[in-house]
Every structure is written in structure tokens, then in C-alpha cells.
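Reading through the C-alpha cells given below for one structure.
The values are calculated or read from the model by the stated rules, or taken from the named source; none is laboratory data. Only a predicted model underlies this, so the values are computations on that prediction, with no experimental measurement involved. All Cβ positions, glycine included, derive from the backbone under ideal geometry; neighbour counts span all protein chains shown.
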Amino acid sequence: MSRLDKKVAIVAGGATGIGAACARRYSREGARVIIGDLNIDVARELAESLGPDAIAVRYDASDADSIKNLIDTTVETFGTINVLHNNVALTSPAVQALDTTVVDIPLDTWNAILNVNVTSFLLGSKYAIPHMIEAGGGSIINTSSDSGRVGDLVRTAYGASKAAVISLTQHIAVQYGLQGIRCNAITPGVILSEQMKSDAALVNFIKPHILTPEFGTPDDIASLATFLASDESLYITGQAIACDGGHLAHQPQMADVRRAQ
């Protein structure tokens with residue numbers, strides 16, 4: 001039996017990369033899928049490829065009305081919500097170039113990243129939870145990052161936003177668990193999306209620090225997300241689950257020790 005049979009699953013930020021992989025997997029597992037994305041043409045193309053039980057909705061994670069419309073359209077179309085996957089992040093090269101150190105980051109950049117990466121998760125959950133409770137419960141999945149667990153030389157706002165996602169996940173789990181809502185975060189490490197493949201220097205820097213032979217792909221995240229969306233994970237909530245090839249599981253000197261052997 002398909003693990004998500006008859007469930008209604010929203011992927012907020014679902015047109016490409018990890019989001020698209022999750023949308024495809026949810027659909028294969030029997031879910032009716034709503035793909036929310038600012039890139040509506042790509043989202044529609046993906047939805048059409050998944051068949052009549054998938055639709056695309058224009059979704060601007062920086063706009064509260066657009067987020068509410070995604071939730072409302074889902075309920076109007078399919079009658080309920082069982083899974084909400086908050087997956088969007090502001091990661092354009094232009095923004096990343098400005099997301100530098102605590103002293104140098106422009107305040108507008110900080111605010112924009114926190115708005116998309118955290119506030120949109122709050123609002124999506126805020127609007128979806130009443131419908132999920134009415135349906136008898138559901139699963140919220142938040143895409144965080146290894147960057148939310150450790151510091152870095154740059155990307156201050158991105159790291160802080162992903163740490164906030166982990167805390168938000170725990171608060172949702174605590175506040176609505178007895179009403180049947182589970183909420184978990186996934187913390188990907190380096191995932192070989194098309195965008196990451198183009199940054200060969202970063203890939204080469206990180207490769208010695210993972211414990212698996214190769215980097216993960218968006219499909220690896222989709223496998224974990226499908227488990228969290230399904231009833232197989234009914235006793236798992238409030239967790240931040242790493243999918244990072246063991247990137248943060250070892251002593252910092254591990255790569256140097258390997259090279260010396």
C-alpha cells in the first residue's frame with residue numbers, strides 16, 4: 001500500500017531541488033500534492049507531470065497573504081490538509097553575497113532572509129494547523145539545515161534562520177502534539193542539487209568531512225520526508241533529524257587524521 005494514500009500534502013517551495021523531489025515522492029506514495037512556488041511556470045510543469053491529483057499555486061514566501069492563499073486553495077481544492085512541508089529558503093547568489101558577518105551584513109538582508117526562512121514557516125503552520133486539527137491531526141515537516149547547528153565565517157542570517165526553524169519546530173510539537181499534530185525538522189548537509197553542483201570549490205572543501213562515499217541527493221531528503229509524512233512516524237515529533245552523511249558527527253580534526261593515515 002502507498003504510504004501516503006489519500007493524504008493531502010503541501011510542499012511550500014516545491015518547484016525545484018529538494019522540494020520537487022519531495023513532491024514527486026509524495027505523489028508516488030499516493031498523496032494529492034499542492035506545489036507552492038514563486039516560479040509558477042516550473043511548478044505547473046511539475047504538477048502536470050504528476051497527474052490530476054497535483055496542482056501548482058503561486059506562492060510568495062515573503063507575503064503573508066500569498067501564504068494564506070496557498071493554505072486556503074489547498075482546502076478549497078482537496079477539502080483538508082494532512083501534511084505541510086515548509087521547504088522554502090532565500091538562497092539566491094545575490095542575497096548570499098550580502099549575507100556575510102555580524103558586523104557587515106546589511107539589516108535589510110538580515111530581515112529579508114529571516115522573513116522568508118522563518119516567518120513563512122510560522123505563517124504556513126499558523127494557517128494550516130486549524131485545518132489539520134479538524135482532520136484529526138497531521139505532520140508538519142520543516143526543512144532546516146546543518147547550518148542551523150554550527151557557526152560559520154559567513155551566512156550569518158542563513159544560519160540563524162535555520163536555527164530558528166529548529167526551535168519553531170519544537171514549539172509547534174509541544175503546543176499542538178495532544179491535538180494530533182507532529183512537527184519535525186530535517187537538517188540537510190550538502191545535497192547535490194543543480195545549484196550545489198555548480199559550486200565545485202565548496203563541494204571539494206566539504207567532501208573530506210562527510211562519512212559516506214558520496215554526497216546525498218534531493219531524493220535522499222525526499223525519502224526521509226516521506227517517512228515523516230507517513231503514519232510510520234506517529235511517535236516521532238519535535239526532532240531535528242540530520243541527513244548529512246555524518247558531516248557533523250565527528251571530531252573536527254577527522255579529515256586531517258584521514259589525510260595523515
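So for the range 139-146 (the condition being more than 18 Å from Gly17 (Cα to Cα) and among the aliphatic types (A, V, I, L, M)), does at least one residue qualify? Yes: one or more hits.
So that you can scan it fast, the table gives a plain yes or no per residue for (1) within 19 Å of the chain's Cα centre (by Cα); (2) closer than 21 Å to Ile191 by Cα:
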{"position": "Ile10", "(1), (2)": "yes, no"}
{"position": "Gly17", "(1), (2)": "yes, yes"}
{"position": "Asp41", "(1), (2)": "no, no"}
{"position": "Arg44", "(1), (2)": "no, no"}
{"position": "Ala47", "(1), (2)": "yes, no"}
{"position": "Asp53", "(1), (2)": "no, no"}
{"position": "Val57", "(1), (2)": "yes, no"}
{"position": "Gly79", "(1), (2)": "no, no"}
{"position": "Asn86", "(1), (2)": "yes, yes"}
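Inspect the range 21-30 for any residue being more than 19 Å from Phe227 (Cβ to Cβ) and not basic (Lys, Arg) and give the result as yes or no. No, the range 21-30 contains no residue that is more than 19 Å from Phe227 (Cβ to Cβ) and not basic (Lys, Arg).
Take Val154 and tell me if it is at pLDDT 95 or above, touching an Asp or Glu at 6+ places or on another chain (Cβ under 9 Å) and among the β-branched types (Val, Ile, Thr).
Details: at pLDDT 95 or above: yes; touching an Asp or Glu at 6+ places or on another chain (Cβ under 9 Å): yes; among the β-branched types (Val, Ile, Thr): yes.
So Val154 passes the test.
Scanning the range 147-169 for residues that are part of a helix (DSSP H, G or I) and in contact with a strand residue (DSSP E or B) (Cβ under 9 Å, 6 or more places away or on another chain) gives Ser147, Gly148, Lys162, Val165, Ile166, Leu168, Thr169.
Going by the structure shown, is Ala229 among the aliphatic types (A, V, I, L, M) and more than 19 Å from the chain's Cα centre (by Cα)? Break it down into steps so the answer makes sense when it comes.
Numbers: among the aliphatic types (A, V, I, L, M): yes; more than 19 Å from the chain's Cα centre (by Cα): no.
In short, no.
Residues in the range 20-46 that are under 23 Å from Thr91 (Cα atoms) and basic (Lys, Arg): Arg24, Arg44.
Against the numbered list (1) farther than 21 Å from Ser145 by Cα; (2) of a type in the set (A, V, I, L, M, F, W, C); (3) in contact with a strand residue (DSSP E or B) (Cβ under 6 Å, 6 or more places away or on another chain), Leu84 comes up short only at (1). The single condition from (1) surrounded by fewer than 22 Cβ atoms within 10 Å (Cβ to Cβ); (2) within 13 Å of Tyr158 (Cβ to Cβ); (3) over 18 Å from the mean Cα position of the chain (by Cα) that Gly137 fails is (2). For Ile129, the conditions (1) aliphatic (A, V, I, L, M); (2) more than 21 Å from Thr226 (Cα to Cα); (3) surrounded by fewer than 24 Cβ atoms within 10 Å (Cβ to Cβ) are fulfilled apart from (2).
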